[in-house]
Structures are given as C-alpha cells and as structure tokens.
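Everything below concerns the one structure shown next.
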Amino acid sequence: EAEVAQSPRYKITEKSQAVAFWCDPISGHATLYWYRQILGQGPELLVQFQDESVVDDSQLPKDRFSAERLKGVDSTLKIQPAELGDSAMYLCASSSVGGGRRDYEQYFGPGTRLTVT
Amino acid sequence: GEDVEQSLFLSVREGDSSVINCTYTDSSSTYLYWYKQEPGAGLQLLTYIFSNMDMKQDQRLTVLLNKKDKHLSLRIADTQTGDSAIYFCAERRGTGTASKLTFGTGTRLQVTL
C-alpha cells in the first residue's frame, strides 16, 4: 500500500540552528500539506501545496519557516532559526484531486519529532 | 468559535463499546473524519461521513452525525487493547483544492483488561 514518507523521524537541534524536514507524498497525489502538532493538541495546517504552487500558507510563520515543492512531487520544510517553541511533531499529508469519491482524503506520513534545546 | 471540541480522555474495559464525541463548528462542512494516532506515529484515517448522512457503519466502527447540533460520534464495538490511541475528529471546510481540515483536540482512549 502506498504511503507518505518523511525523514528524519526524529531531530534534536539547538535553538538558533537551521533544521529541514523532507516529505515524499503518495505517487500521483497533487496536494501536499505540512502540519504542526504540538503535544496534546490536534494538527494545525502550516502550508498547503497544489502541485508546485502554494494554496494556503496563512498559518506559516514566514519570518523563520519556509516550504518548497519545486517539481510538484516531494517537499521540504525549513526552520531557520529554530526556537524552543518549535518543538513539536511535523506531519506531512497528501491527497488526490482526480475526480474520484476519495478526493481530498488526506493520508499522513509518520511525522518528524523535533526537539529544540 | 473556530474550535472543534472533544473530551480529553476515555477509559473502557476490553470487550465493551467505546463512544467518542466531537462537536464541530462549521455547518457547511461537507465531510467529517475520524483519525487514529498511535504513540509516536502519524494519523491513520479510520472512517468518514458525508454531511448528508446520519449514520455510517464500517465493521466495528459506527459514525453518527447530528447536523442540527453539529455533533459527531464514533462508536467502537468490542473494543480491543489495540484500539488504545488518540482519536481525532476533523471537519473539511471549504471546497475543492482550497478545502482544508480542522482537527479537534483529540480524545485519548485507554482500554483496560
């Protein structure tokens, strides 16, 4: 069964350092999402891509966060500089828009657990 | 408000039924979802219901939707220890490629022997 891949699974970094996360969506899924999940809360959308274009980045802290999906397939989320409050699980999800009944259903990767010290 | 609300914790005995409740906010939401998250893992889509339905059954899972009260519930029959996890409801707001999910705070289900 196709899955969303993410790496690394765990990342520990010191504050003020740069950190990057990678996501490879399910093949053929045009829409890719990055979420942040703080411990004890539900995921919150950071950025949504449709192919290589950003559809929604209204909740992305743009002073320190950036995201790209250059070829419309895999994606990278970067934080520079990292702050203590960025410690969280970063989840990637993807969905299709092929006109089927299961369009827009989001399938999640295993996440990257970030700890900022 | 903007929040999707869930109770924080539920404890049930193995073999009993579990009922997890959710109150959502957007009456125009088209789909509502239930996701399961095991420790340290991503979210697994369990089931969903279209907004024009009242009930959906999928093996041990039954979803009930009360649109008038904006209330969604997930019933797990014959709950097993492997069902121990955090359960999130989510509503899909907007349409087409601009649609997005808003998640609840999650309910931790603990199954005891």
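Summary table
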| quantity | calculated |
| --- | --- |
| Among (1) among the hydrophobic types (A, V, I, L, M, F, W, C); (2) over 14 Å from the mean Cα position of the chain (by Cα); (3) over 30 Å from B:Tyr24 (Cβ atoms), the one test that A:Leu39 misses | (3) |
| Residues within region B:42-61 that are within 8 Å of chain A (Cβ to nearest Cβ) and surrounded by 16 or more Cβ atoms within 10 Å (Cβ to Cβ), tallied | 4 |
| Odd one out for A:Gly42 among (1) surrounded by fewer than 19 Cβ atoms within 10 Å (Cβ to Cβ); (2) small (Gly, Ala, Ser); (3) more than 18 Å from B:Gly94 (Cα to Cα); (4) within 12 Å of another protein chain (Cβ to nearest Cβ) | (1) |
| Test set (1) within 14 Å of another protein chain (Cβ to nearest Cβ); (2) more than 25 Å from A:Cys92 (Cα to Cα) - B:Val12 fails condition number | (1) |
| Selected residue (only one of A:Lys71, A:Lys78 is outside any strand (DSSP E or B), among the charged types (D, E, K, R) and either modelled with pLDDT of 95 or more or more than 28 Å from B:Ile49 (Cβ to Cβ) (or both)) | A:Lys71 |
| Some residue of region B:18-40 being free of Cβ contacts under 8 Å to residues at least 40 places away in the same chain and either small (Gly, Ala, Ser) or under 16 Å from B:Thr102 (Cα atoms) (or both) | yes |
| Residue that is exposed (fewer than 14 other Cβ atoms within 10 Å of the Cβ) and either at negative phi or more than 10 Å from chain B (Cβ to nearest Cβ) (or both), where the choices are A:Lys71, A:Lys11 | A:Lys71 |
| Index of the failed condition, B:Asp26 passing every other in (1) charged (D, E, K, R); (2) within 11 Å of chain A (Cβ to nearest Cβ); (3) over 26 Å from B:Gly82 (Cβ atoms); (4) over 14 Å from the mean Cα position of the chain (by Cα) | (2) |
| Identity of the residue in region B:76-113, away from every other protein chain (no Cβ under 14 Å) and assigned to a loop (DSSP other than H, G, I, E, B), that ends up surrounded by the fewest Cβ atoms within 10 Å (Cβ to Cβ) | B:Leu113 |
| Residue in region A:55-67 that is surrounded by 21 or more Cβ atoms within 10 Å (Cβ to Cβ) and within 14 Å of chain B (Cβ to nearest Cβ) present | no |
| Qualifying residue in region A:17-29 (condition: modelled with pLDDT under 95, assigned to a strand (DSSP E or B) and under 23 Å from B:Ala90 (Cα atoms)) | no |
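The values are calculated or read from the model by the stated rules, or taken from the named source; none is laboratory data. If you're wondering where the values come from, they're calculated on a predicted model, not measured in any experiment. Reconstructed Cβ throughout: ideal geometry from the backbone, glycine too, with neighbour counts over all protein chains shown.
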